[in-house]
Every structure is written in C-alpha cells, then in structure tokens.
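The values are calculated or read from the model by the stated rules, or taken from the named source; none is laboratory data. What you see is a predicted model, and the numbers here were worked out from it, not measured in a lab. A quick note on method: Cβ atoms are made from the backbone with ideal geometry, for glycine too, and the neighbour counts reach across all protein chains shown.
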Amino acid sequence: MKKPLVSVCCITYNHQDYIEECINGFLKQESDFDVEFLIHDDASTDNTQSIIKSLVGEESRFKLILREKNIKSTGKAIFPILFEEAQGKYIAMCEGDDYWTDPLKLQKQVDFLEANAEFVVCCHNAKIIDENSDVIQEKKIPSLNVDKVYTQDDLKLGGFLLTLSLVFRNLNIFKNFPLPKQKILNGDTYLISLLGKHGKGYYMENIKPAVYRVHSGGIWSLKKNNTIFTTKSRITLYTGLKELHNEDSVLKGYFDKRITDCFNILVRNLKNLSLKEVIWVNKEYSRRHNFFKNKYRFKVLIKENLKYILRL
C-alpha cells in the first residue's frame, strides 16, 4: 500500500460485543485517498482479538497490535503509541466500542482540512446508545446543529469535541507526544488543548452522527456520577493543562482557578474520603489559601475536618 493520507487509530479492550460494528464502520469508508487502520488491543480477556483477526483477515490496510500483557494497567497511555506509528498526514480516532455511520466521513473531513490550512482539527456529532443499542440521545452535543468554528483559545481551554469524530493534522509533536507528569483520564481534552496551540477547530454538521456507546465496561459509565472521582480527575486534568500552557500566564491562571474550585468541592466532601486523601486535600487547600486573610475558608476547613473525625 502507498503511504496513507489518513491513519485511523483504534484502541480496544474487552469489546467482543461491539468491535464488529466498529471495524465495519472502517471498512465502509469511501475515499479517493489511501487509509491505514491501526488497531491496538490491550490484552483483552474475551474474544475481541480473535474477532478482530477474523474481520480483518489479510487486509493490508490494517496494522494490528494485539497485546498478550495489559499495558494500560501500568499507567501507560495507549493512543500516543498509535500516534507514533501513524504514517498519514492526518489522524482519525475511534475506540472499539464506538462506530462511524457515514461512509464519507473521512473524505469530507480531509477535504475540509486540505482546503483550510489554518484549521488543525475538525469534528462532528454522535448519538448515544446503550449496551443494547437502544438510543439514549440523538445528539451527544444537542446545541450543535450548524457548522461552527472553534478558535485556538476555545481548543486550548479544552473545547468539547467528541473523540470518535476527530480528524486532525499529524503534527511532528506526535512522534514524541508531550505526556503530562501524571496520568490523565480525560486524555481527549488534553489532546484538544494541545491541538489548540497549532490551529483552529471546525464542527461539521453535514456528517451523519457517529455512535457513542455507554456500557458497564466503560470507566466513565461506571463513575461519572461519583463526585469524588470526577473532581479528582479534573484536578489531574487541569494540572496537566496548566503544565502544557506553562508559557501563557493567562491560561495558567485560568487552570489554577479551576484546580482551586475542585479543591473547594473536595473539602466539602472530606467525610467521603480516605485518610490519605484527607491529608492530601488539607495540605493542598492550605497551600492555596491565606487563612489569615480568608477566615471563611479557614472555618470551612475546620468544620469539614470535624465532620470527618466524627464519622470515624
């Protein structure tokens, strides 16, 4: 196969019930350029790997990385591994439990990026289904029904672009992806913010919504209503974004404010934390507030610590 114009990056883990729809969405793509499909399975314990091999067969467009040992459990990010392997001028993303419905998706997005050099990424909408394929929501972002431009600042702030809809330029930085110091669960937001340093974004309404699946095997499906989990995840995300935009004092201040807001939430939930977490929150909260100048914050901290002690 000639050097592809687009590299599609797909990660899977225990997606035996969903991977066929995902790969069929790849196989149905119609384009006047070459596409490669990079699929990374992180040592699934079900039949995902055998299903992938049976569907792909000898297709030269597919490159499979089928792990025997799970690497995500070690804290290693997977998408950057595929970014380093990607040969295309553009990269598209889709996880193994989601799928595309528009056979011209890649063609439309690449045509746009080829014609508009100031844009680094484009996207579209998706509908939400459950594990039984019943529709939960027709559009994951209902407010979007016309084309929209995302400024670089919109992207840097972590603009809400759906991962399974992205097509973006394969920048040189992806050969040495600038990973944050701590593992970030919201890796898609970090990626979008990084792309914002290099150009604008564009939402395309004329692409049929992809399908985003909510199921019990997804980490966000299980914990999205857990205030402690989501707040701690945001702290890690905002810390990574503050580090990413270290040269921009305005953005650093913005993300630092978001981190402080998250610690305010955690302080009011001390009674739900472990002792180790309580010590960590107290230390960080104290570091962020001058209690001699802000007696209210000091009273809040004392009050919530008393609630924690009384719970023991």
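Quick notes on this structure:
- Filtered residues of region 145-192 (kept if of a type in the set (V, I, T) and part of a helix (DSSP H, G or I)): T163, I173, T189, I192
- When we screen S165, S143 for residues that are outside the structural domain of Y238 (by TED's automatic domain parsing) and either surrounded by fewer than 18 Cβ atoms within 10 Å (Cβ to Cβ) or over 22 Å from I91 (Cα atoms) (or both), the only hit is S143.
- Where F112 falls short, out of the listed (1) surrounded by 20 or more Cβ atoms within 10 Å (Cβ to Cβ); (2) modelled with pLDDT of 95 or more: (1)
- Restricting region 3-24 to residues that are in contact (Cβ under 8 Å) with a residue 40 or more places away in the chain and assigned to a loop (DSSP other than H, G, I, E, B), the residue that is surrounded by the most Cβ atoms within 10 Å (Cβ to Cβ): H15
- Test: residue in region 202-221 that is basic (K, R), in contact with a helix residue (DSSP H, G or I) (Cβ under 7 Å, 6 or more places away or on another chain), surrounded by 15 or more Cβ atoms within 10 Å (Cβ to Cβ) and at pLDDT 90 or above: no
- When region 42-52 is filtered for residues that are more than 24 Å from the chain's Cα centre (by Cα) and buried (at least 20 other Cβ atoms within 10 Å of the Cβ), only I51 remains.
- Selection within region 175-201 - among the hydrophobic types (A, V, I, L, M, F, W, C), buried (at least 20 other Cβ atoms within 10 Å of the Cβ) and in contact with a helix residue (DSSP H, G or I) (Cβ under 7 Å, 6 or more places away or on another chain): I184, I192, L194, L195
Yes or no, residue by residue, for (1) within 14 Å of W100 (Cα to Cα); (2) surrounded by 20 or more Cβ atoms within 10 Å (Cβ to Cβ); (3) touching a residue at least 24 places away in the same chain (Cβ under 8 Å); (4) among the acidic types (D, E):
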site: Q29; (1), (2), (3), (4): yes, no, yes, no
site: F37; (1), (2), (3), (4): yes, yes, yes, no
site: H40; (1), (2), (3), (4): no, yes, yes, no
site: F62; (1), (2), (3), (4): no, yes, yes, no
site: I65; (1), (2), (3), (4): no, no, yes, no
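- Every pair of residues 6+ apart whose Cβ atoms lie under 6 Å, when the first sits in region 81-100 and is in the same structural domain as I192 (by TED's automatic domain parsing) and within 18 Å of K28 (Cα to Cα) while the second is in a loop (DSSP other than H, G, I, E, B) and of a type in the set (S, T, Y): D97/Y18
- Count of region 55-88 residues, restricted to those that are at pLDDT 85 or above and within 14 Å of T12 (Cβ to Cβ), is 13.
- Scanning region 172-186 turns up no residue that is of a type in the set (A, V, I, L, M), touching a Phe, Trp or Tyr at 6+ places or on another chain (Cβ under 8 Å) and modelled with pLDDT of 90 or more.
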